[in-house]
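Novice: The structure that follows is given in the form of structure tokens.
The values are calculated or read from the model by the stated rules, or taken from the named source; none is laboratory data. The structure presented is a predicted model; accordingly, all values stated were derived computationally and were not measured. Cβ placement follows ideal geometry from the backbone for every residue including glycine, while neighbour counts extend to all protein chains displayed.
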Amino acid sequence: MTLAEFYAARLDEIEQRAGYVHDDGRDKEPLGGTGRCVCGWPARVLREVEAKRKILETIDHAERESDAVDNIQIDGYLADDLRKLLALPFSDHPDYDQEWRP
């Protein structure tokens with residue numbers, strides 16, 4: 001498993017879980033049968049997952065881009081470091097490779 005695959009899988013897990021429970025494991029309190037919660041927590045988490053996926057896409061694109069006209073170019077080392085930093089909160093996950101630690 002690559003670092004990118006590991007991190008994408010964690011985002012998938014967060015996205016799936018955000019639809020069902022709070023961060024402390026409590027069941028959501030439905031708001032008028034809509035399936036949404038009165039606290040707003042799941043919606044914020046889903047926006048955060050979307051933002052982090054876009055960050056990864058930007059890193060991948062900038063790393064591949066050879067002609068920087070309107071795009072930021074980054075070298076492979078910086079791209080790897082950014083991915084490592086994004087994955088660091090999951091360093092206690094059993095699939096986390098300690099070699100990914102920044």
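Novice: Quick check on the stretch 75-96: of everything there that is among the acidic types (Asp, Glu) and in contact (Cβ under 8 Å) with a residue 60 or more places away in the chain, which residue is surrounded by the most Cβ atoms within 10 Å (Cβ to Cβ)?
Specialist: By that ranking, first place goes to ASP80.
Novice: Give the number of residues within the stretch 29-65 that are at pLDDT below 80 and either more than 26 Å from ALA87 (Cα to Cα) or among the acidic types (Asp, Glu) (or both).
Specialist: 13
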